[in-house]
Every structure is written in C-alpha cells, then in structure tokens.
Amino acid sequence: MPVPTQELKLEIVNAATGKILGARSAPGTDGALVVRDFPDGGPDPEQWQLTPVPAQGGQAQGGQAQDEQAFVIRNAVSGKVLHNPAAADRGICQSDAVAGKKAQHWRVVPVENEAGLYLIEDATDGAVLDLADLAADEVRVVLREYDDSAPSQHWRFVVATPERTSDPVLRFAPLSHWNSRQSWRLVRSAALRPVPEATPCFSDMLLVLKRFGSDQDAGAWRSVGAGSSTGGQPNRWAGLGDRLLADTTGAGGADIVGLKPAKGPVTAAGQGDGTFKDDERVLHPPVPSPSPKDLWTLADTTGNGKPDAVTLAADGVRVFVQEEAGRFASASGEPVIKAFGHGQSAGGWVADKHPRFLADTTGDGRVDIVGFHDDGVWIAHQDEEGKFAPLAQEPALRAFGHGQSAGGWVADKHPRFLADTTGDGRVDIVGFHDDGVWIALQDEDEDGKFADALWVLDDFGVDQGWNTAEEHPRFLIPATGGGTVDIVGFGPQGVVVARGRGDGTFEPSKLVLNDFGHAQGWTSKKHLRFLADVTRDGNPDIVGFGDEGVWVSHNRGDGRFEQAQLVCRGFGHNDDAGAWRVGHHPRFVADITGDGRVDIVGFGGPGVYVARNLFRHFRTR
C-alpha cells in the first residue's frame, strides 16, 4: 500500500502484536503513546492523518533508498502530533504541533519484500518506532536503532471506514402517448429542486427494452465466448453471447450490440432519448465456422470516421468494412492477415494468454494490430491502401510476453496497455508485473519500434498486493486535468493514483480515497468499477456498482476524489438493488440521450434497463 495522503484517517497498527497506536487507557499529562487493544463497546481506536512537509535528505535504514518525503503524523480528533521529546527512555508522545519542528517530522519507509508494512523513522536521527515490552497489555512506544530482524518495528496503516452520502432516488413515471410512443416524466416531489451546481445523481431504473436479457422471454442471453469481462480491463473484446454498447454508425450515439452464435452480431439502434428500437438488425453474417474462441469488436480501420467490425477468428483477422448504407461487408473471403488468430495456422493466440489490441502505433490515422504472444510483442502495420503488412520474422520487442524468456507475463495478473505517456502522439507499452510498472517507449526516430522495457514504479504489482487484473482494475487515463496520462487503480486499500510526468515515468503513487478497494468490501466477483466523466467537467469520475446500488466519487481535478455518493439504488448486488450479478448482467456507463452526460445501462433478466443522468438538472435535498 502506498503512503496515504493527508485526507485519509488511519489506524496505525503494530505488525508484531496487532495492537493499535494510541494514548494509554488512562492518559497522563506527558501524552505518552502506547499500543493496546480497543475492545468492542469501548472507545474507538485513535485515528491519524499524514500531512506532507518539505522533503528531507538522508538515507533510509536497511540499505533502502530513502523516500525523501517527510510527514507530520496528526491525531485526527485532537490535532496533536507524533513527537520525539528526546526523553531518557526514548519514549514518544503526542503534543501540540509546532511549525517546522524537526522532532515532529517522520519518514515512512516501506519494509523490503513485505507489502503493506512500513518503518516509521524519525527524520532527525533515523531511529525507528519500536515497542518497549511486548508482554505488557499497554506497550510503550519508543525509538530504537533499525533492526531488520525485529517485526515489532513494522507498522501497518489501516484506513478508516469510508464516509459515504446518499440522496433519495429520483422517480420517473411512464407516460403513454396516442401514437404508442412512451416517455417518462419526473414525479412531483418535495425532494427535488433545480440548482445550477447539482451533485451527481441519476434516475431510478427504467425497463426500456424487453430484449437482450437473461430471462427466457428476453432472449436467454448467456456469455459463452472468450471475451473479456466488463470489469474495466484495458482491451475490450466481445465473445459469443456478450452484449455491449457501441456506436455502430459513427454518428456518436450508443446502440446495443449482441453476438448471437447463429446470426452473428445483431443491434438495436438507440433512439437518442434513452430508449432503443424494438428490433434486432444483423450487422454482418458470422465468420466461417464461428467458434466460442472468436473475439469481436468495432473500430475505425479505414480512417473515414465510421466503425468497422473486426473479428479475431481461427484463421486470422477478418474485417467487415462499413459501407455507405450502414451495412458491413467483408472485403474478401479471406482474412486481412493470417495471424493473431486462435488456430495454429494463425499463430495459436489464446484469449487468456495473449492480449491483442487495435491501435494507431505510428500516428498516421490508421489502426494497426498489436499482440502480446509467448515470445514478445508482434505488430502488423496498416498501409495507406488499408492493407496489413505480414508479420516480421522476429517480434518487435522481446518483452511483455507470456513465455519466461519474454518476462513471464500472465494475462490475469499482469495487465498491459498501449498509451501515449510522453505526449508525442505515439503509443508506448505500459505493463504491470509482479514488481510494479514497466514501460517501453516508442523509438523517436523510427515509428513502430520500441526501446527496451524499463522499470519505472514500484507499485500496482502483485508484490504490492495487486493480485489479479480483475480484482484490482488499473487504468491509464488523464485524471488530473493536465492532459498527461496518469495511473488510477483500485488497490487492496482503496483508490491509488500515480501522476504521469509526461516523459514515460510517474510520480510516487498515493492512496487518495479509502473506498472501492478490497478493504472496503469491493470484489470482482460482486462489483464493477469504472472511470467515466459523470459531471461533464472533463475529468473522469469513479463509478462503482456496489451492494446497495451505484456509487459515484467526483474527481477534484488534482488526482484526488471526493467521498463516494450513492446516486442510484439499482444495478447493485443486493436483492433490494436488483440482485445484479457479474458475469450474467453486463452494466455500462454511456451517453444514450445525446446530452453529453453518461447514463447507466444494464442488461438484466427481463431486458435492458436505463438510469438517466440528471446532473445539473435536479438536486435532491
């Protein structure tokens, strides 16, 4: 866990005893601090906040490179701070804060090879917090020289329970018209008032289409293919039985797309008012001998602004180009490239081992195909005529691959991304391995060539507690208002942000919100987490589908997020929130009304449900 920011309230727990830092049960005038148990029914454990102070020089204990940031460790209730009074017994206390006083400055140093454990080091002499007598009920906290064999010198930060708020749900009532169309109006309520600065809020769920659902009457849809889940992972390919939202025409609207094993992809067009047409139009015929291993997506492969359908089939990559009438037609009966497919003749690419992307790697406006196979990164560039060049004899980069010689990257543990981290208009490769973040920058002199991979950040990896790609989604996205790509992840303790520097490296990561993490009960088996601009201010907000419904945490624009707010009591895991299940009920955030605000769309049992975004329309009291 990265060192938290000052917004978070923490319990400081000794790793050897499990006891919590605080005052004696009968506090004295000296402000002495101990570790002790806090039984149920008694006073709550004391909480602390870490406030950064100007960087200090020096060298950390145990031979580690020093994290130069120092902190004032402040009691969240009393405001008193952790203080070294230079007493004879080396005991520490809490006292009134004095600006610039070195005896109140502390460094927090990660324990080597122990995820989530830290040394708390005095910034003046390098001594660390330790315990005087492990056998006592209330153990005095003292300063001692660093000892790499002393677990009593190891501390854990436990974030407090997140503070959340909830507004009443806004209710819509159906209104039928003479021409059989149906619309919705807000039910009059004293809880509603129009204001210019409304908080994020959504309507309640509306069943808008009795198709594409998991119930028999709605089509009995089931995901049976090899497509990735909707949990926020970087490369979104759909498999047989999947349902998704996509702009099938290039006009900017959101349509429903479902992959039927017999028919191929079918769509129900969006009508721009939060509803969809009650029919299914076949986009294009299925590929020859469709397989559950096939993967499908929409992407503009020609640069004409219209999306085309792309399928990773057994014999390679097949493209169905969109024609003027909106129909998708295959350019020929053959794949555009006989590679990147799951058949042995096309390379034996496996969905759960070998991620594949469509991305413009050269900045020429045409997408290329990038794949991560056993031996490294392979790229098929598209030329000006729309043809993909055959694969080279050697991979473009012998790294980021599944095989041990290319790094031993495992798809469900080590997510990989293509993103422009330097602002030069060309994508780089970013991967999250066991030991943290690795990056391969694209060569400045030769498009499509990548430099050797470099390790740039010691967080977001398995060694730091980020166990799987599904359990701990990570995103590369401009999240701090500057346009530079940042890392935002949902880690073991909450939301973690590492701001991009614009040169392919990142600032040290910070735990910025004690919510949406495993410690707060969020798990990939029950919950979904996304980043989306809910408030239309240009910054991505956090949208989480939790137990009670949909929670939104507004982006402050500086790498921090506000406490989560329950904005819709639907689409959640609990029975009273609809009993939505990951793997059976896909949910998305997308603008389906054309007002520039993302709405919520879910595929439930009876069909398609919608909750409309009411931000800056109404606010609940």
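For the stretch 561-621, just say rounded, prolate or oblate: build the C-alpha gyration tensor, square-root its eigenvalues into a ≥ b ≥ c, call rounded for a/c under 1.5, and beyond that prolate if a/b exceeds b/c, oblate if not. Judged from the Cα gyration tensor, the stretch 561-621 comes out oblate (a/c at least 1.5, b/c at or above a/b).
By the gyration tensor of its Cα atoms, with a ≥ b ≥ c the square roots of the eigenvalues, what is the shape of the stretch 493-542: rounded for a/c under 1.5, prolate for a/b over b/c, or oblate?
Values: a/c = 2.39, a/b = 1.33, b/c = 1.80.
It comes out oblate by the Cα gyration axes.
FRET efficiency for the residue 251 to residue 454 pair, using the beta carbon distance and R₀ = 25 Å, is estimated at 0.05. Rounded to the nearest 0.05, the FRET efficiency derived from the C-beta distance between residue 405 and residue 477 at R0 = 25 Å is 0.20. Between residue 277 and residue 113, the C-beta separation translates, for a Förster distance of 60 Å, into a calculated FRET efficiency of about 0.55.
Of the peptides 600-608, 83-91, the ranking by mean beta-carbon count within 10 Å, highest at the top, reads 600-608, 83-91. Using every pair of distinct Cα positions in the stretch 368-423, the Kirkwood expression returns a hydrodynamic radius of 12.3 angstrom. Sequence-distant contacts, meaning Cα pairs under 8 Å at least 6 residues apart, place the relative contact order of the stretch 257-352 at 18 percent. Applying both filters, DSSP loop and at most 16 other Cβ atoms within 10 Å, to the trypsin sites (Lys or Arg not before Pro) of the stretch 249-331 gives 263, 277, 327. Radius of gyration (Cα atoms) of the stretch 520-621, expressed as a multiple of 2.2 N^0.38 Å: 1.04.
Averaged per residue, the chain has 42 square angstrom of accessible surface, using a 1.4 angstrom probe with ligands and nucleic acids left out. Relative to the Cα centre, the charge distribution of the chain, modelled as +1 at Lys and Arg Cβ and -1 at Asp and Glu Cβ, gives a dipole magnitude of about 2480 debye. My understanding is that a pair violates if its Cα-Cα distance is over 19 Å; which of 353/510; 293/338; 263/293 do that in this structure? Too far apart for the 19 Å limit: 353/510.
The phi torsions of the stretch 295-304, fed into the Karplus equation with coefficients 6.51, -1.76 and 1.60 and a -60° offset, translate into couplings of 10, 9, 7, 10, 7, 7, 8, 9, x, 9 Hz, rounded to whole numbers, with Gly and Pro shown as x.
Of the trypsin sites (Lys or Arg not before Pro) found in the stretch 8-53, the ones in coil according to DSSP and having at most 15 other Cβ atoms within 10 Å of their Cβ are 24. Please work out whether the stretch 465-504 counts as rounded, prolate or oblate from its C-alpha gyration tensor, where a ≥ b ≥ c are the square roots of the eigenvalues and a/c under 1.5 means rounded, while otherwise a/b larger than b/c means prolate and anything else oblate? Judged from the Cα gyration tensor, the stretch 465-504 comes out prolate (a/c at least 1.5, a/b above b/c).
Work out the length of the dipole vector of the stretch 289-413 about its Cα centre, built from +1 on the beta-carbon of each Lys and Arg and -1 on the beta-carbon of each Asp and Glu, and round it to the nearest 20 debye.
Working: 11 positive and 18 negative charges, 74 e Å.
Dipole of the stretch 289-413, to the nearest 20 debye: 360 debye.
Can you give the charge dipole size of the stretch 264-317 about its Cα centre, rounded to the nearest 20 debye, using +1 on the beta carbon of Lys and Arg and -1 on the beta carbon of Asp and Glu?
Numbers: 4 positive and 8 negative charges, 18 e Å.
So the magnitude is around 80 debye.
So what are the chain's ellipsoid semi-axes, whole angstrom, largest first, if each one is the square root of 5 times an eigenvalue of the alpha-carbon gyration tensor?
Details: eigenvalues 455, 203, 76 Å².
With the √(5λ) rule applied to the chain, the semi-axes are 48, 32, 19 Å.
Kirkwood-type hydrodynamic radius, the stretch 300-429: 15.4 Å, calculated from all non-identical alpha-carbon pairs. Report the Stokes-Einstein translational diffusion coefficient (µm² s⁻¹, integer) for the stretch 422-581, Rh taken as the Kirkwood radius over Cα pairs, at 10 °C with viscosity 1.306 mPa s. In µm²/s, the coefficient rounds to 96.
On the protein heavy atoms, probe 1.4 angstrom, tell me the percent of accessible surface of the chain carried by carbon and sulfur.
Values: 12670 of 26390 Å².
Answer for the chain: carbon and sulfur cover 48 percent of the accessible area.
In the stretch 279-373, the convex hull through the Cα atoms has an average projected area of 6.9 nm², a quarter of its surface area.
The values are calculated or read from the model by the stated rules, or taken from the named source; none is laboratory data. In this text the structure is predicted, and so the values were computed from the model without any measurement. When we count neighbours, we look across all protein chains shown, and the Cβ atoms used for this are built from the backbone with ideal geometry, even at glycine. For the accessible areas, the whole protein counts, side chains as well, though only heavy atoms, and no ligand, DNA or RNA atoms are used. Shrake-Rupley method; radii C 1.70, N 1.55, O 1.52, S 1.80 Å.
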